[in-house]
Number of protein chains: 2
Amino acid sequence: VEKYGMDGLSSQVDTSSGAITRVPGFKASGVACGLKASGDLDLALIVSDGPASAAGVFTQNAFKAAPVLFDAELLAHNAGNIRAVVANAGNANACTGRQGMRDARTMASLAAAEANLPQDSVLVMSTGIIGHPMPMEYVRAGIQAAAGSLSPQGGGDCARAILTTDLVAKEAFIQITMPDGGIVFIGGMTKGSGMIHPNLGRLTSQLDSGSALHATMLAVITTDAPVASEVLQQALETAVTTSFNRITVDGDTSTNDTVLVLASGTANTTVIDIDSPGYAPFLEGLATVCRSLAIQIARDGEGATKLVEITIKGAATVDQASVAAKTIATSPLVKTALFGHDPNWGRILAALGRSGIQIDVARVALWMGEFQLVAGGEPLVFDRQTASSYLSGQEVTVTVDLGLSAGEATVWTCDFSYRYVEINAEYHT
Amino acid sequence: VEKYGMDGLSSQVDTSSGAITRVPGFKASGVACGLKASGDLDLALIVSDGPASAAGVFTQNAFKAAPVLFDAELLAHNAGNIRAVVANAGNANACTGRQGMRDARTMASLAAAEANLPQDSVLVMSTGIIGHPMPMEYVRAGIQAAAGSLSPQGGGDCARAILTTDLVAKEAFIQITMPDGGIVFIGGMTKGSGMIHPNLGRLTSQLDSGSALHATMLAVITTDAPVASEVLQQALETAVTTSFNRITVDGDTSTNDTVLVLASGTANTTVIDIDSPGYAPFLEGLATVCRSLAIQIARDGEGATKLVEITIKGAATVDQASVAAKTIATSPLVKTALFGHDPNWGRILAALGRSGIQIDVARVALWMGEFQLVAGGEPLVFDRQTASSYLSGQEVTVTVDLGLSAGEATVWTCDFSYRYVEINAEYHT
């Protein structure tokens, strides 16, 4: 059990390997089929022993990857009977036109055939290079191998198989005691390091776009909760608002962002409905897993030397707090100052001031960690050396109190280093 | 006469040294008074021989520097009788509270006294470090020296005295033949390299904020056009929409951004009113000078290795085109790809797709220079080596045609290099 963040939830969440298959009723695998030049694992399969309720949220980018459009369509007509997710890294199946849509369908179809599942029960995710046709001969072999190695211990390999520029796998597992005494498990895995600024929501539109572009944050969450797909969808949409939709690495929202949840319903507890007593604890558990995974992405952002937690308090509304926190979190001047261990409150206030939210300058207070640097909109005397030393740590908090009302939001990001430039100037399409 | 941009106006604009004093009726000077540790010029004075009409646009950041608030107040009651602008670099007089407001007033008052001008006729601009009280003993000596060295040849020194992290001075001069045969001159100087994402507009609010934060883009424009301050204000507000408000270096809008125009009215031409024949050519000349200066800022952006011109055509509206171009221009992934000479159309389309504007993916076309990389929303086969070679130049254009309507906008920016990180991680408050 590792510490994963700064929100006091580490005691509840287990981030060790194998999360998604620690949930009863799921098997998974991760194999290498040649999509990654490195030879690393690159094809992942997650299978539910029986029909699962499913929910998904997807990027709101106007350009959407073929797998995003495929999944949205499948969930629109069969969200109550999902059996599996097949995912690959190394090729995003993006900007591949109609062939890309055919390839996404073929991936789902092959996975269903190899794992003996009904057609129309397999969701698809892809991440990797763009604008190249999916090498389906590799994928075909990979799906065969993955189906043959499905295991109740396969979660760890599965989580590794979806990584791209990530340095570490990202997993989270939680156990919830329900009001009726039943136990529900939730496990999740995610990937993402660059082009991270998720803006996830329900995707109701049909195939309005045949191409896509890049590969970014993907997540799969498994649970044994008994919950219908509509209820699961609502819970997921709520959970992402304070987790995946509250992280940013570079401000660039991808075209492939996808979070999928599969609920097997095998837990020995009352069915969870929107107005049942079990909804709140289930939602809290789901949001906790999502938040752990999201924070792990921010911590592993491209080139990051530190995790930065930015909290805006006292805003007019929660939305205004979120807008302000994201504006600060995406400011290149703030992020480079944090890389340089510079307690540059001026850049933070400048970003705050351009965010467009309601501000009364004379009420603004600012802290880095425990160090208050600004009160009443003006700088305080502080020990620069001590503050800089604090900023040299691997976890940093920035807190701004606007002193207006009760709106509060926290966003997680990372600093901006030479390594970020190196990764993104030397990564070629 | 240097080439300053890619919009075909280079033949009209002279960017050589001394622009603001090539306009008849203005003297200027730039001296060193110790505000810059380097000993470089750091105090600038521009004086009109007689009362000038004046106009100003200022940052819309919620946090506004003391000089910004001072100038807005002065222009509100005396815009028809301005005589001078005093400016300093090295200290932004920012986050200095009520003392900062007093110091801004004192700077104006000292300049008036030393140059034998009426009180309430001098505007103020400051740029440099923040959160430190203005060292008024240096400023006082500087203003004395500057007043003593005012000269009709002082424009060049004046332009150098406002620079901070800029590598070069930025000036522009133009001559306009009016419909009645009269000649009008317009000269301008500007500074800015980082915290550049101007959002300039009229500032009508009174003193609602007593502190400020950083130092960024400043510009002073002189002209001998006969034009009332209200008309000049309207022309300036129009001119900035396609110039200073269309550049970005890092997306961070400063708290000090200011553009001031002084019109002496001595030119031998009919008074320019909104509905007079001379308004259009005057506005075009003013906008041309502003655009030249703005492009010079983008070219000299912190760490820049190239000037990037991003044009969105075929958008539903001009505003949507501008939003899309700015989203692309501030994308770290796009900017690092350009630094790496990578023709990464995918990152450009991804940024376009998250901009929130109306898009029909199937109609999108994209060019870098003369190389078309995308048609109908899908990639074309192109010679990557040749395209990369093009991107290694010092001027690069990106053009996107959305194919929807006639909305078009151009934004100028620069790439994002290791040097940007170095400058901003090692610059300390």
Q | B:Ser243, sole failed condition from (1) touching a residue at least 40 places away in the same chain (Cβ under 8 Å); (2) surrounded by fewer than 24 Cβ atoms within 10 Å (Cβ to Cβ) | A | (2)
Q. Would it be correct to say that B:Ala329 is buried (at least 24 other Cβ atoms within 10 Å of the Cβ), within 11 Å of chain A (Cβ to nearest Cβ) and closer than 25 Å to B:Ala294 by Cα?
A. no
Q: Working only within the stretch A:84-110, note down all residues that are more than 27 Å from A:Thr223 (Cα to Cα) and buried (at least 24 other Cβ atoms within 10 Å of the Cβ).
A: A:Gly90, A:Asn91, A:Asn93, A:Ala94, A:Cys95, A:Thr96, A:Gly100
Q: Run A:Asp250 past the list (1) crowded, with 21+ Cβ neighbours inside 10 Å; (2) modelled with pLDDT of 95 or more and report the number of the one that doesn't hold.
A: (2)
Q: Please determine, by comparing only the residues of the stretch B:332-349 that are over 18 Å from B:Gly403 (Cα atoms) and among the β-branched types (Val, Ile, Thr), which one is nearest to the other protein chains (Cβ to nearest Cβ).
A: B:Thr336
Q: Residue by residue through the stretch B:368-390, note down the ones that are within 9 Å of chain A (Cβ to nearest Cβ) and among the β-branched types (Val, Ile, Thr).
A: B:Val374
Q: Would you confirm whether any residue within the stretch B:347-361 is touching a Phe, Trp or Tyr at 6+ places or on another chain (Cβ under 7 Å) and on the phi > 0 side of the Ramachandran plot?
A: no
Q: Please verify whether the stretch B:255-267 includes one or more residues that are at pLDDT below 95, hydroxyl-bearing (Ser, Thr, Tyr), under 20 Å from B:Val85 (Cα atoms) and in contact with a strand residue (DSSP E or B) (Cβ under 8 Å, 6 or more places away or on another chain).
A: yes
Q.
If I filter the stretch B:350-367 for residues that are under 28 Å from the mean Cα position of the chain (by Cα), of a type in the set (A, V, I, L, M, F, W, C), more than 9 Å from every other protein chain (Cβ to nearest Cβ) and part of a helix (DSSP H, G or I), do I get at least one hit?
A. no
Q | Every residue from the stretch B:127-146 that is buried (at least 21 other Cβ atoms within 10 Å of the Cβ) and either farther than 22 Å from A:Ile348 by Cα or more than 14 Å from every other protein chain (Cβ to nearest Cβ) (or both) | A | B:Met134, B:Val139, B:Gly142, B:Ile143, B:Ala146
Q | Answer from A:Ser264, A:Ser276 - the residue that is without any contact (Cβ under 8 Å) to a residue 12 or more places away in the chain and over 27 Å from A:Ile310 (Cα atoms) | A | A:Ser276
Q: Go through (1) crowded, with 24+ Cβ neighbours inside 10 Å; (2) at pLDDT 95 or above one by one and return the number of the condition B:Asn81 breaks.
A: (1)
Q | Among (1) farther than 28 Å from B:Ala287 by Cβ; (2) at pLDDT below 95 - the single one B:Tyr390 does not satisfy | A | (2)
**Q.** Exclusive hit being without any contact (Cβ under 8 Å) to a residue 60 or more places away in the chain, over 27 Å from B:Ala324 (Cα atoms) and of a type in the set (A, V, I, L, M), set A:Ala37, A:Ala115, A:Ala76, A:Ala44
**A.** A:Ala37
Q: Could you list, in sequence order, all residues of the stretch B:400-429 that are farther than 27 Å from B:Asp166 by Cα and either of a type in the set (Lys, Arg) or buried (at least 20 other Cβ atoms within 10 Å of the Cβ) (or both)?
A: B:Val400, B:Leu402, B:Gly407
Q) Quick check, is B:Thr336 among the polar types (S, T, N, Q), surrounded by 22 or more Cβ atoms within 10 Å (Cβ to Cβ), in a helix (DSSP H, G or I) and touching an Asp or Glu at 6+ places or on another chain (Cβ under 8 Å)? A) yes
Q. Has the stretch A:406-415 got at least one residue that is within 30 Å of the chain's Cα centre (by Cα), at the interface with chain B (Cβ under 10 Å from one of its Cβ atoms) and more than 16 Å from A:Ala324 (Cα to Cα)?
A. yes
Q: Of all residues in the stretch A:299-325, count the ones that are within 12 Å of another protein chain (Cβ to nearest Cβ) and within 26 Å of A:Ile423 (Cβ to Cβ).
A: 4
Q. Got at least one residue in the stretch A:300-309 being under 30 Å from A:Phe70 (Cα atoms), of a type outside the set (D, E, K, R) and not in a helix (DSSP H, G or I)?
A. yes
**Q.** Residue that is modelled with pLDDT under 95, at positive phi and outside any helix (DSSP H, G or I), where the choices are A:Asn93, A:Asn116
**A.** A:Asn93
Q: Identify the single condition in (1) at negative phi; (2) surrounded by fewer than 20 Cβ atoms within 10 Å (Cβ to Cβ); (3) not in a helix (DSSP H, G or I) that A:Gly314 does not satisfy, given that it satisfies every other one.
A: (1)
Q) Quick check: anything in the stretch B:359-374 out of contact with any strand residue (DSSP E or B) (no Cβ under 8 Å at 6 or more places or on another chain), buried (at least 24 other Cβ atoms within 10 Å of the Cβ), of a type outside the set (Lys, Arg) and farther than 27 Å from B:Tyr418 by Cα? A) yes
Q: Please work out if A:Gly210 is on the phi > 0 side of the Ramachandran plot and either modelled with pLDDT under 95 or within 14 Å of another protein chain (Cβ to nearest Cβ) (or both).
A: no
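The values are calculated or read from the model by the stated rules, or taken from the named source; none is laboratory data. Predicted, not measured: the structure shown is a model, and the values here were computed from it. Reconstructed Cβ throughout: ideal geometry from the backbone, glycine too, with neighbour counts over all protein chains shown.
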